[in-house]
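Working notes for the structure below.
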Amino acid sequence: MPRYGIAAVLICFAGSLVECARADYIVYDLGNLGSAISGVAQGGRALDRKDDDTRITLPGTVVVQPGRIVSYTHPNGSKVNFALDEVKIIKARTAREEFNRRLSQAGKDPDKIMQAAVWGLKKALLPEFYRAVDKVLEIDPSHQGAQLVEQVKKKIKEPLPDDPDAEKTFKSLVKQGTGMRVEKSKHFMLLTDTPLKPEKAAKGEKQKTKNRAAERLDLLEQVYESFVLLFHAQDISLDIPSERMMVVLFEKYEDFRDCAKSLSPALASASGFWDPITNISYFFDYGSSARFEMLKPIMTEMKKIEADAQKARDPEMIRFNKVLRLLVEVEKQNSDITVVSHECCHQMAGNTGLLPRHVDIPKWVHEGLATYFEAPASGGWAGIGAVSTERLVFYRILAERDEQHSNLDFVASDQIFDKAISKSGILFGYAHAWGLTHFLFEKHLKELVTIYRVIGQMPPDVQLNPDILMKIFHRAFGTTDTKALNEEWRSYMRTIKTDLELLGEASK
């Protein structure tokens, strides 16, 4: 029998794509069965989890009910009850409370108010972001960042016009396109074969009102709005796409894989990708992946056990099954969000003039930006620029063991990818591209955007070798000596922490 309990409810500040009023966390021990679903258990991560740990961490809200019962509600609406003896409650700020604190501290300084606004935007607090921008304009009507936001806000709120010819062309570009339908949002066309009706909810769970296509379009629109606003709020103007961007969503992983392989053998193992040549992003419903197909027999058996538990009035087994079912759903959501936020960032960069499609963009630049915007799959995402556990771990491994191949010049010249000959080498490359971009975005944004602009202006036939890339980097920073900047970067990377590390500190 699995071990139950050992749950800790942690109230902290954190956000998600849909910001919640509260930001509680439950750490729950899945017990022995956790080893059988370790691939899914990464959907939540305990604060001090070891490799063989079976605990998970899930965000939500917590209310203590009469009878020493703790009611936990996940942001997706799923509910689980725990005994009060099994939980520990620690209070901390929510994302909205932290935003209000920062806004209050900014006083009447327009630049500091704008900094608070950007912080809120990264935490998916869009209404608060717009409210803060309005406040900036009241104090300083000429504030460049706030003015840009006001201008672009009007543009992105209006849906782009329909174009039947564009839809026809879109279908013709996709091998399986003739048997798929088109669904649209303000800025995207989605070619899909997913079911028209929303997925049926399990007994006792909230029924969804939107089908998979509508959910995916909502997610794409959130990434679109956040991407555009984040740059404009910091006085960096982008081109606004004049046509709906094209996205494909397959219901089955096999169809996605066949499509990917037909475009390039290198895409055979991809979880999603953007093709800059056709300007189309491709995804699949993550619930059809091999990992979740393997889980189906387990989940079927667990449903039978839960039915028996209902008859026997076994609250522990009922609770365990609910948590397990929730975990599978959360893992699917997290995986979707991670892939979509990453690949949509590629597509946005290519369609807003930031990293033009016709230029061979260095991998550290493209992947660094996409990983900065992606939502980490390990759960507990705090929005844009969240510190990824996986990326940080791989950065630290190389940085602590091999300074020669983890220094700024090796990354900025793209050699960290050019010389990667193994899967671990590629993962080190992604981690360092993420780390350098995170550092530059937070501390040297002007210089980072200069690098983007200069690369974007290069002729399409120019191969950006290490020498050219370092000249571009030196030009952006006005010096050929990067030793001090390298040390600043390494120092910065020693100070950043994941949301769950911050959560762990708050719980001590």
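The values are calculated or read from the model by the stated rules, or taken from the named source; none is laboratory data. Quantities reported herein were computed from a predicted structural model and do not represent experimental measurements. Reconstructed Cβ throughout: ideal geometry from the backbone, glycine too, with neighbour counts over all protein chains shown.
State yes or no: is D134 in the same structural domain as L103 (by TED's automatic domain parsing), more than 25 Å from A375 (Cβ to Cβ) and out of contact with any Phe, Trp or Tyr (no Cβ under 7 Å at 6 or more places or on another chain)? If you could, list the steps in order and put the result at the bottom.
On the way: in the same structural domain as L103 (by TED's automatic domain parsing): yes; more than 25 Å from A375 (Cβ to Cβ): yes; out of contact with any Phe, Trp or Tyr (no Cβ under 7 Å at 6 or more places or on another chain): yes.
Answer is yes for this residue.
A quick yes/no check of all residues on (1) within 19 Å of H342 (Cα to Cα); (2) without any contact (Cβ under 8 Å) to a residue 24 or more places away in the chain:
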| residue | (1), (2) |
| --- | --- |
| Y430 | yes, no |
| K443 | no, no |
| E447 | no, no |
| V454 | no, yes |
| P460 | no, no |
Exercise. Any residue in the range 369-376 that is in contact with a His (Cβ under 9 Å, 6 or more places away or on another chain), within 30 Å of Y25 (Cβ to Cβ), modelled with pLDDT under 90 and among the acidic types (D, E)?
Worked result: yes
Exercise. Taking the range 64-97 only, how many residues are modelled with pLDDT under 85, more than 18 Å from R319 (Cα to Cα) and not basic (K, R)?
Worked result: 5
Problem set entry | Residues located in the range 426-448, provided they are surrounded by fewer than 20 Cβ atoms within 10 Å (Cβ to Cβ) and either in contact with a helix residue (DSSP H, G or I) (Cβ under 8 Å, 6 or more places away or on another chain) or under 16 Å from E488 (Cα atoms) (or both) | I426, L427, F441, E442, K443, H444, L445, E447
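The rows are residues; the columns are (1) more than 20 Å from I236 (Cα to Cα); (2) not basic (K, R).
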| residue | (1), (2) |
| --- | --- |
| A117 | no, yes |
| Y130 | no, yes |
| K155 | no, no |
| K175 | yes, no |
| L191 | yes, yes |
| K197 | yes, no |
For this session: Identify, from the list F231, F273, F283, the residue that is in contact with a helix residue (DSSP H, G or I) (Cβ under 6 Å, 6 or more places away or on another chain), within 27 Å of L121 (Cα to Cα) and not aliphatic (A, V, I, L, M).
Result: F273
For this session: Take the range 178-208 and flag every residue that is surrounded by 16 or more Cβ atoms within 10 Å (Cβ to Cβ), modelled with pLDDT of 85 or more and assigned to a loop (DSSP other than H, G, I, E, B).
Result: M180, S185, H187, D193, T194
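Quick one: which of K155, K171 is touching a residue at least 24 places away in the same chain (Cβ under 8 Å) and among the charged types (D, E, K, R)?
Numbers: K171 fails: touching a residue at least 24 places away in the same chain (Cβ under 8 Å).
The match here is K155.
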Exercise. Does Y253 satisfy being among the aromatic types (F, W, Y) and either without any contact (Cβ under 8 Å) to a residue 60 or more places away in the chain or surrounded by fewer than 21 Cβ atoms within 10 Å (Cβ to Cβ) (or both)?
Worked result: yes
Exercise. When you scan the range 422-508 for helices (runs of 4 or more DSSP H) that lie fully inside it, which ones turn up with 2 or more residues that are modelled with pLDDT of 95 or more and closer than 23 Å to Y395 by Cβ?
Worked result: 423-443, 445-456, 466-477, 483-495
